[in-house]
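Worksheet: one structure, shown below.
Any read-out appearing in this document is the output of simple, stated calculations on the displayed coordinates, not a laboratory observation. Model, not experiment: these values are computed from the prediction. Here the Cβ is made from the backbone with ideal geometry for all residues, glycine too, and neighbour counts use every protein chain on show.
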Amino acid sequence: MKNELLYTAAFEELQQIVRDMEAGEITVDELSVKVKRAAELIAICKNKLSSTEEDVNLILKELEN
Amino acid sequence: MSENRQIFTLKQVVSSIRKTLEERYQQAYWVKAEMHKLNLYPSGHAFPELVQKENDKIVAQVSGSIWSHNFQRINRQFMVVVKEPLKEGTTLLLQVKVAFSETYGLSLQILDIDPNYSLGELQRERDETLHKLQAERLLNRNQQLNFPLLPQRIAIISADTSKGLSDFMKVLNNNPWNYHFFTMLFHAYLQGDMAVPSIIEQLKRIEKVKDHFDIVVIVRGGGGEVGLSCYNNYALCKEIASFPLPVLTGIGHSTNMTVAELVAFRNAITPTELADFLLQTFHDFSVPINDAGKSLRAYSKRLLEIHSQHFASETKHFKNSAHLYLNASKNKLVQKSQQFNAEAKTLILRKREALHFAQKESIAHTKRFFKIEKEHVLGFQLDLPQKLKALLDREKRNIQEAENMVNLMNPKNVLKRGYSITTINGKTVHGEMAIQEGDFIQTKTYDLEIESIVQKISKHEE
């Protein structure tokens, strides 16, 4: 669930940066920081698309309880 | 015990009962009864138990029998009309004949079962489930949940032998975009009497570990439309509707959508379609991310270009402006200094002229002054003898006058004119002196000195 929140937040933050950019609300001063941040967020989201970190054993153990 | 008692054999009795019953119940009857248990034997014959319940209590019970050929025919009709095989625990409309066997006793021989009645019953169950869920406000409960951005962790309720499951997994796992899903199978019966309890049980298990999953899917397929009536079961539908995770169904074709499909978060007609939908949600997430990457690049580039152009033009502008400003200042300076020079020259010239003029003026003045003074002196010179004489005459006159005055003032002259001077003890007499009668006074005239004694003193009025 934590991961879920993390990448939902990441996705929303990314969308916000893109919206800000399109609205011309990012200055040159912020640009490199924002682009760097956006790249991190993209990496988080893309990574999420192609991976899951579920521990099957954990689920099975919880099921037994 | 009487001696003439009649003793029957058991066979005589049951034969008699059989005859009586056969005479009394010759025709077939339509009977509504619940098939409690089917009791299908390997021979193909079935011996179902028929009951009637009132308030969940059995108020009538009798055994039935269906011969193999009838059973097969009835089942075929059911599959065609109801899309379900004969099911235990349902109320059926049976065509029966009363049968009695000397060895097996009373039974109802089932000749036919009306599939349309059963279809109606199923429809009734479906309607009832819908009404109950609606009354409990559960119909849209599952659909009101938030669908996860990425439905990545999937709890699958299915059977490992199901064609639907393998279709579903194939689409998920062989997606060309390399999207990764985490799936866990929760095995359940997908049709028949065991379906409802086993699906409910698995839902309850999933609920225990719901934090590990984003969605639940129920997939089933390949079997056509047969056996879907369990998905109208109230208990199952309630479980699905109130489940804390979105439940998605892909349970196969149905001309009449089951309640489970209606209350599910989303219903896909086939497992394949359901898997495609999940992939689509991944696309929906992935596309904006890729777009974001593109627009980041494009926007950054554009922003930098705009700013560097702006900077270049500003620099150029600044250079021009500075140049212009310097030139203008230089020109102004030159102009000012020229102006200053000119003005200084003019001023010096003017001052020099003024000085020159003043010089001339002063010389002229001096000359004129001297001339006037000379004329004055000359005038004096000319006037001098005359003036001197006048002066001397005036002085002479003055002196004469003074002399006259002096002469007038001389006491001798005064005395000569008849005046006299009185003294007392050598001092002249005047008002304030304490002069008394009998004092001795001296009177001097022009030519005499008289001594006298004062006889009377009085003041005279003037």
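Structural remarks
- With both residues required to sit in the protein assembly as shown, DSSP beta bridges show an antiparallel share near 65%.
- For segment B:131-285, alpha-carbon Rg and Dmax in angstrom: 14.3, 45
- Rough spin-label spacing in nm, given labels placed 7 Å along Cα→Cβ, for B:S458 and B:R76: 20.9
- Segment B:1-46: chymotrypsin sites (Phe, Trp or Tyr not before Pro) in DSSP loop, at most 15 other beta carbons within 10 Å: B:F8, B:Y25
- Under 29 Å from B:K132, Cα to Cα: lysines that are on another chain or at least 8 residues apart: B:K32, B:K37, B:K53, B:K57, B:K83, B:K87, B:K204, B:K208, B:K210, B:K238
- Dimensions of segment B:414-453 along the principal axes, based on C-alpha atoms and rounded to the nearest Å, stand at 29, 19, 15, largest first.
- Eligible lysines near B:K170 by straight Cα distance, threshold 23 Å, same-chain separation 8 or greater: A:K46, A:K48
- log10 of Debye I(q)/I(0), alpha-carbon scatterers only, for segment B:1-156 at 0.20 Å⁻¹: -1.26
- Size of electric dipole in chain A: Cβ of Lys, Arg +1 and of Asp, Glu -1, about Cα centre, debye, nearest 20: 180
- Share antiparallel - DSSP beta bridges, segment B:71-213, percent rounded to 5: 55
- Amide N proximity, segment B:40-77 versus B:Y25 label position 7 Å along Cα-to-Cβ, cut-off under 11 Å: B:62-65
- Dipole size of chain B about its Cα centre, with +1 on Lys/Arg Cβ and -1 on Asp/Glu Cβ: approximately 2580 debye, rounded to the nearest 20.
- Candidate lysines for bridging to B:K427, where Cα separation is under 22 Å - those fewer than 8 sequence places away on the same chain excluded: B:K412, B:K416, B:K444, B:K456, B:K459
- Radius 15 Å from Cβ of B:K374, net charge of other residues (Lys, Arg +1; Asp, Glu -1): 0
- Taking amide H as placed 1.01 Å from N in the peptide plane, the amide H of B:I157 sits under 5 Å from that of B:F186, B:V217, B:I218, B:V219, each at least 5 places away or on another chain.
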